[in-house]
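Participant: Here it is, the structure in full.
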Ligand SMILES: Cc1ncc(COP(=O)(O)O)c(C=O)c1O
């Protein structure tokens, strides 16, 4: 069944799976005004992606909530955009909570999942009115119980299970003896079974449901089917031992894939693989709210990075195209060898005509290497197979598509590099500066340069 459905997704590779929301002329104007590298984000795409993800689960018999995983991109303008749609926020740190608080987000629309699960952290979380908290360890559960006692609040606890299923994905979060969640029955103390029983034994705590997160950029969905089957067995076991056992929320984490280099299934195609299993769970064990977390899918396609070719060199049928950007702005190009789709755009400024006599211009070398500005071997951008870089010259703009997730948040000052400005194309088609670029002066101060 899963294999059959996957075959349907083949043969769809084109660059404009990625929709361009800016014209060549706009890119030239914005690059002239703000310089490059430059990030551009499209507000309409953010709203559309949320709608698309929500609609994918319309076959589910209960309520469906989408939670934006703030780790993917915590830019306040993106958070505000999603807030307008009443989204839930998936938070993992007090820093992320601070951002949502500053934007006057509703604590009811938060699910908080910590990795460290410290007592002080849980006290702070509860003080801020957050009820839905995901615990991932027995000590975490104890700390949350203590915090609830101190603040005198009844949190709604979800238990993060590690279903220990095989995941075929770029980033795997579920594997045997892994870092995240607790095994269903595994440890003598750290087991979902024991934590749920402890919650039911406590007069201070409410059990809300289960959470799992299998990985990111998942394209084979058998892992969801397997995880739900394992969860079903655990629920059956718990129902035998706990009279009033029920689930209010089931959160199946993130993983919805994005087009980079190879075609990927749509969220609706993805959901179709396991929606039957979810409905079975709801029918057998009582209706629950289904929570879908997403970082990558909700923001990736909303954003483009504009960079410029600043130098080239050629030897032995190879052409090295040097950009004014680097992996300090697009870390996953180095870390995951992510093939962000690229496109070459002509610069309308005549200044580059001074290179018109350059013999390398329009040369037909076979092997193009797109490299960054950092003095680091890893700073090479894998060229996407949907991109044509064969005629790339000094002064051209290079667009990197679908870079909205896990890129801005990793901006690094390696080599004393500054952060580029970020512009948002708003619903009414205006370009608005939503993050200023930083300067060398600011970096010097931030690094303690003025401390005596
Ligand atoms: C718990 C959890 N939920 C959701 C996500 C988001 O995953 P994705 O960006 O693939 O949607 C992550 C990513 O690391 C995560 O750790």
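The values are calculated or read from the model by the stated rules, or taken from the named source; none is laboratory data. Please read these numbers as outputs of a predicted model, since none were measured by experiment. Here Cβ is always computed from backbone atoms with ideal geometry, including for glycine, and neighbour counts include all displayed protein chains.
Participant: If I filter the range 134-155 down to residues being touching a residue at least 40 places away in the same chain (Cβ under 8 Å) and part of a loop (DSSP other than H, G, I, E, B), which single residue comes out as farthest from the ligand (Cβ to nearest atom)?
Facilitator: Restricting to residues being touching a residue at least 40 places away in the same chain (Cβ under 8 Å) and part of a loop (DSSP other than H, G, I, E, B), the top hit is 154.
Participant: Now a separate question. Answer yes or no as to whether residue 196 is under 23 Å from residue 289 (Cβ atoms), within 16 Å of the ligand (Cβ to nearest atom) and assigned by TED's automatic domain parsing to the domain that holds residue 287.
Facilitator: So residue 196 fails the test.
Participant: A further question follows. Of all residues in the range 165-186, how many are in a loop (DSSP other than H, G, I, E, B), in contact with a strand residue (DSSP E or B) (Cβ under 9 Å, 6 or more places away or on another chain) and away from the ligand (no atom under 16 Å from the Cβ)?
Facilitator: Total meeting the criteria: 5.
Participant: May I ask you to list the residues in the range 225-253 that are within 13 Å of the ligand (Cβ to nearest atom) and in contact with a helix residue (DSSP H, G or I) (Cβ under 7 Å, 6 or more places away or on another chain)?
Facilitator: Once the filter is applied, which keeps residues that are within 13 Å of the ligand (Cβ to nearest atom) and in contact with a helix residue (DSSP H, G or I) (Cβ under 7 Å, 6 or more places away or on another chain), the range 225-253 yields only 252.
Participant: Do you know which residues across the range 408-433 are over 13 Å from residue 78 (Cα atoms), in contact with a helix residue (DSSP H, G or I) (Cβ under 7 Å, 6 or more places away or on another chain) and surrounded by 14 or more Cβ atoms within 10 Å (Cβ to Cβ)?
Facilitator: Across the range 408-433, the qualifying residues are 413, 418, 421, 431.
Participant: Okay, next question. When the residues of the range 295-323 are narrowed to those that are touching a residue at least 12 places away in the same chain (Cβ under 8 Å) and out of contact with any strand residue (DSSP E or B) (no Cβ under 7 Å at 6 or more places or on another chain), which ends up nearest to the ligand (Cβ to nearest atom)?
Facilitator: 297
Participant: Also, quick follow-up: Any idea which residue in the range 39-61 is farthest from the chain's Cα centre (by Cα), counting only those that are surrounded by fewer than 17 Cβ atoms within 10 Å (Cβ to Cβ) and more than 30 Å from residue 410 (Cβ to Cβ)?
Facilitator: Per the criteria, the residue is 61.
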